[in-house]
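*Asks:* Structure in structure tokens, see below.
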């Protein structure tokens with residue numbers, strides 16, 4: 001899954017993600033696959049000289065993406 005953050009304001013604006021399964025990441029675009037079905041709270045923090053804002057969203061993973069297996 002691709003997570004994308006956007007913000008307006010005084011740069012730089014670093015983005016910090018907590019993906020709900022113990023994995024953290026930084027940057028405006030993060031690609032992550034959760035290893036198990038379930039409900040996760042994804043947290044995004046953005047900060048600059050003017051302050052900090054934190055957003056939280058619930059993500060429900062119903063099915064895992066199939067793993068491609070090449071024929072032998």
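*Asks:* Return the total of residues in segment 1-24 being touching a residue at least 40 places away in the same chain (Cβ under 8 Å) and assigned to a strand (DSSP E or B).
*Replies:* Within segment 1-24, residues that are touching a residue at least 40 places away in the same chain (Cβ under 8 Å) and assigned to a strand (DSSP E or B) number 1.
*Asks:* Could you check, for segment 10-31, whether at least one of its residues is more than 15 Å from the chain's Cα centre (by Cα) and closer than 30 Å to residue 63 by Cα?
*Replies:* Within segment 10-31, not a single residue is more than 15 Å from the chain's Cα centre (by Cα) and closer than 30 Å to residue 63 by Cα.
*Asks:* Condition first: in a strand (DSSP E or B) and either within 14 Å of residue 1 (Cα to Cα) or in contact with a helix residue (DSSP H, G or I) (Cβ under 9 Å, 6 or more places away or on another chain) (or both). Now tell me which residues in segment 25-40 satisfy that.
*Replies:* Correct list: 25, 29, 30, 31, 40.
Since every read-out is calculated from the coordinates, none of them should be taken as a lab result. Bear in mind the structure is a predicted one, so any value in this text is a computation, not a measurement. Quick reminder, even Gly has a Cβ in these numbers, built from the backbone with ideal geometry, and neighbours come from all protein chains shown.
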